[in-house]
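Read through the structure below, which is laid out as structure tokens, and then see the notes.
The values are calculated or read from the model by the stated rules, or taken from the named source; none is laboratory data. Everything quoted here is computed from the prediction, not taken from an experiment. No Cβ is skipped: glycine too gets one built from the backbone with ideal geometry, and neighbour counts run over all protein chains shown. All accessible areas refer to the heavy atoms of the entire protein, side chains included, with ligands and DNA or RNA removed. Shrake-Rupley method; radii C 1.70, N 1.55, O 1.52, S 1.80 Å.
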Amino acid sequence: MTNNITTIWNAWMEDSCELTFPNSWRLTNYYLPHKNALSEEEIKLRLLFALENDAIRSKLDSAHSACIIVDDLTRPPSWELVLKCMIDILNGRDIGCDSILILVSIAGHAQMSDAELSWKIGSHIRRQVKVVQHSLNCKFNWFDYKGKKVGINSLFCDADFRVALGTLIPHPFAGFSGGGKAVMPGISDLETIHRNHFQVLFGRGKVWDPDNPVRKQMDDIAEMSGLDLLVNVVCNASREIISVHAGSLRKTFAEGVIFAQRYFAMRLQSKHNVVVLNVYPKDNELLQADNAFNIIDTLPEEYKKMVKVVVMVAHCRKGLGHQAVFGPGGSLYKSPSPLQKLVNRKMILFSPTLDEETFYQVFANEYKLVNKWSDAIELLYSYNMGSYDIGMFHQASMQTINRW
């Protein structure tokens, strides 16, 4: 007898993934709670409410041009509805489409294809306004931050009204994505990104908790850049926008994080000895897969010590991916070594597309790659654990464990 479950993977080209477990194994599924997407009208009302802030309204009233930062394909939402609302509002304030620029905050990630830009921004929006992807070779405006030069993309700095759209999901060292991260590292120079991320090697970042030096530096630099309006969203399991938080940087980010912390938090039903992490919706490339470890990092100690095997599920249709700082060839790249969070634990990655040469550029030799789910089950059997209690997290890169 078997226990068959279906999960979703391959973000932006969603497919069903069938996983079969022996019927004698106990299986607990963890899904994000169902919550309906916001309508266009609801999104627009939230944006208009943010513009009632005196400082934001005053800046917009005197503006003749606008730059809107959007995050890239490594974050779950399509921005089409939000951008439509934002552009309508700007047009109503006499900022025409020819004076609006959308700047994709690539940071150190790969440039997006035309098809990917249309998924992320919308084909109609791309025809309406100019869209540019940030490049580490762009023209920068330079600022001083604690005695160090910081470069911010000039296209953003030169606009009269500056908006950042970002997504709130748990982040391994910034606490959560979103906030000032759209600006730094999103549209910053490589040396500034390197200095910020270098702190991670000394344990100065935190998952789930944005009260840390890495995040503080990001938000300080974003504030210094002249960001006028922050719009942060939270997505459901289908990558639909379910919450919009808009306004000034610090207040908006703090309010959004509170909502995100509660929405993404899973209440454990058992002490599992095997944890299965579907990396979706950050499962396009191997270099994003470690976001699923947020589950392990937020496990209470009494639950964590029970985990003997971590199984990751990631489509990885784009292969290795690109990360200019931590990825192969990057300034902070190190040859893979065993992970502290996996000490005394086995790790298996199931991907139908990856080869071992790619896998072992990121993970140490003691971890296993399989291209068929049946091989993952065989490996689990070979570990001779007796009873198997499986915790299956279906959107692991957005989920954490309840901290309350």
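Largest accessible area first, the listed residues Lys251, Lys59 line up as Lys251, Lys59 when surface is computed with a 1.4 Å probe on the assembled protein chains.
Once neighbouring chains are kept in place and the probe is 1.4 Å, which whole percent of the accessible area of the range 271-371 is contributed by carbon and sulfur?
Numbers: 1820 of 4000 Å².
So the carbon and sulfur contribution to the accessible surface is 45 percent.
Each part reduced to its alpha carbon centroid, the range 239-278 and the range 54-100 end up 25 Å apart. Per the Cauchy relation, a quarter of the hull surface: what is the mean projected area of the convex hull of the alpha carbons in the range 140-264, in nm²? The directionally averaged projection comes out at 7.4 nm². Counting heavy atoms of the protein chains alone, Arg345 has an accessible area of about 30 Å² for a 1.4 Å probe. Accessible surface for Tyr31 stands near 110 Å², nearest 10, in the context of the full protein assembly shown (1.4 Å probe).
Starting from the coordinates of the alpha-carbon atoms of the chain, obtain the Kirkwood hydrodynamic radius over all distinct pairs and give the value in Å to one decimal. Present the calculation step by step, with values, prior to reporting the outcome.
On the way: mean 1/r = 0.0458 Å⁻¹.
Value: 21.8 Å, from the Cα pair sum.
Over the residues of the range 27-94, compute the C-alpha Rg and express it relative to 2.2 N^0.38 Å. Walk me through the numbers before you get to the answer.
Numbers: Rg = 16.0 Å, N = 68, 2.2 N^0.38 = 10.9 Å.
The value comes to 1.47.
Could you rank Trp79, Trp142 by how accessible they are, 1.4 Å probe, largest area first?
Values: Trp79 0, Trp142 125 Å².
Listed by decreasing accessible area, they come as Trp142, Trp79.
Solvent-accessible surface of the range 219-369, averaged per residue with a 1.4 angstrom probe and all protein chains in place: 38 square angstrom.
How much net charge surrounds Ile43 when only other residues with a Cβ under 14 Å from its Cβ are counted (Lys, Arg +1; Asp, Glu -1)?
Numbers: positive: Lys44, Arg46, Lys84; negative: Glu40, Glu41, Glu42, Glu80, Asp88, Glu240.
Once positives and negatives cancel, what remains is -3.
So what does Leu117 come to for accessible area, using a 1.4 Å probe and Å² rounded to 10? Surface accessible to solvent at Leu117 totals approximately 10 Å².
Quick one: of the DSSP bridges fully inside the range 125-269, what percent are antiparallel, nearest 5? Counting only bridges with both partners in the range 125-269, antiparallel ones make up about 70 percent. Sequentially through the range 172-181, phi angles give Karplus couplings (6.51, -1.76, 1.60; θ = phi - 60°) of x, 9, 8, x, 9, 6, x, x, x, 4 Hz, Gly and Pro residues having no value and appearing as x.
Give me the accessible area per residue for the range 1-127, probe 1.4 Å, as a whole number in Å². Each step should come with its number before you reach the end.
Values: 5970 Å² over 127 residues.
That works out to 47 Å² for each residue.
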